[in-house]
Amino acid sequence: MLKFIKTLFKNEEKKEEINLDDIDLWLEKKIIPIRDALRYDINGMVDGLNEEKSMVFERITALQNAKLQNPNIPERAKTIMQGNREAFIKKTFVFLSRIDLQYEEFQNLDGKCKALEQDMEEFAKSTARSYQILSQFFAREVSIIAESIKKIESTVKNIRDNIKHGEIEKIDGIKDKVKDIQEKIRLKKYLREGIKEKKAKLEEEKTSLEKAYGKIAEIQGSEGYKEYLNLSAEKKVNKKNLDEIQGKILHDFSVLEKALKKYSKIAFENQNWIDRYLNSPMDALVNDDELIIASILTTLKIAVQENKLELDQKKNDKILRKIKCLNKEYFSNLQKEYKKMSDISRKINFGIENNDAKKLLESYSQESDVIKGRIENLKSEISVCDDEQSKIDIDGLKKRLQEEIGDALNEKVNII
């Protein structure tokens, strides 16, 4: 218990501080004795495997020269034995000849061992039958060869296990993570600088927008803009008057529409004007300088009175009442009023289109819309960059790297 209490007050072991940029060199120094020890152990295993391989070659020769203990077996059995012996020896020789565990890097050796394990599996499958048959004739010779192959297999497995647990792979992984952290640091710096530039640009755009708004306010306070507003108000009133006149004549001809359609079929000399008034009464009246419509309605009145259009009496009475109101003077006044309003409308439109304040206002309004679009894009880009930057936890990555170094090398370090 006393020993445990002392450990609670024991000063924490001082960690070695290492700059992130210096870790590769630091790891290389730390890995030298590990690599040397691993190479020493593996070289011993490879030498042992090569010795076992040489012994198998000798045992193949012994199998090749081995005599039957019972030479009096049937010739057919001898033929089968000899065929399987030759096949087994050939396949074993080819298998052994392919074994080459010379290496520079442990990763290269691991690859060779992995390929050799596959070769051994294929060798075992391809020689299984020959081995069983030969065991009946040369049990001792083939079993010695099998034991040597198993030793080779075991050695290959041990080599791979040593490489796997020799911390070399871990250290290589640590180096990769160091590169990854360095890349993320560069990326974070790039994002941070990008955000700074975008924020500066954003402020510039906001200033430009304020200037545009100032110009708009200035224009809206000018005499020219007041003139534009007055013209716009006049345009609205004038349009209302034009619509009223047009609505009035449309109503008049809606009452006469059925009668005019029937009348156009018998009034050949006026058929064109009747169709024009039926299609667009206001346009027809504007272009009817001689007010032919008045004479058309006079003859229409006679046709209605004589019931030439074959309409019911109630309809005839309604049409006659309407025609009574639509004399030449009525159409003349309506035509003059509409033309007058149309002239006023053209003048108002000309004044609006050529108003400098309006043109400037549209220009600055468009400019402000473009600036607002750029501002929104910059805000979006800043948000994306800020989000990406926040995801890069350099301190967390360094902490995990410290833990991996501690696990691989049993070294307590503080990465700065």
Handout entry: Which numbered condition Ser148 misses (of (1) without any contact (Cβ under 8 Å) to a residue 12 or more places away in the chain; (2) more than 30 Å from Glu404 (Cβ to Cβ); (3) outside the structural domain of Arg374 (by TED's automatic domain parsing))
Key = (1)
Practice task
Please determine, by comparing only the residues of the stretch 178-191 that are in contact with a helix residue (DSSP H, G or I) (Cβ under 6 Å, 6 or more places away or on another chain) and closer than 16 Å to Ser383 by Cα, which one is modelled with the highest pLDDT.
Solution key: Leu191
Practice task
Give me the pairs, please: first residue somewhere in the stretch 64-88 and in the same structural domain as Ile144 (by TED's automatic domain parsing) and more than 15 Å from Gln132 (Cα to Cα), second residue anywhere and at pLDDT 90 or above and assigned to a helix (DSSP H, G or I), beta-carbon distance under 7 Å, and either six or more positions apart or on two chains.
Solution key: Gln64/Ile89; Ala66/Glu141
Fill in the blank from the handout: By residue number, the members of the stretch 274-315 that are hydrophobic (A, V, I, L, M, F, W, C) and within 15 Å of Ile249 (Cα to Cα) are Ile274, Leu278, Met282, Ala284, Leu285, Val286, Leu291, Ile293, Ala294, Leu297
Handout entry: Residue satisfying all of: in the stretch 94-126; touching a Leu at 6+ places or on another chain (Cβ under 9 Å) and not charged (D, E, K, R); nearest to Arg59 (Cα to Cα) among these
Key = Ile99
Fill in the blank from the handout: Checked the stretch 236-259 for anything touching a residue at least 60 places away in the same chain (Cβ under 8 Å), within 60 Å of the chain's Cα centre (by Cα) and either under 30 Å from Leu300 (Cβ atoms) or surrounded by 17 or more Cβ atoms within 10 Å (Cβ to Cβ) (or both); matches are Asn238, Asn241, Leu242, Ile245, Gln246
Handout entry: Subset of the stretch 260-291 (residues that are surrounded by 13 or more Cβ atoms within 10 Å (Cβ to Cβ), of a type outside the set (D, E, K, R) and outside any helix (DSSP H, G or I))
Key = Ala267, Ser280, Leu291
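The values are calculated or read from the model by the stated rules, or taken from the named source; none is laboratory data. Worth saying up front: this structure is predicted, and the values here are computed from it rather than measured. No Cβ is skipped: glycine too gets one built from the backbone with ideal geometry, and neighbour counts run over all protein chains shown.
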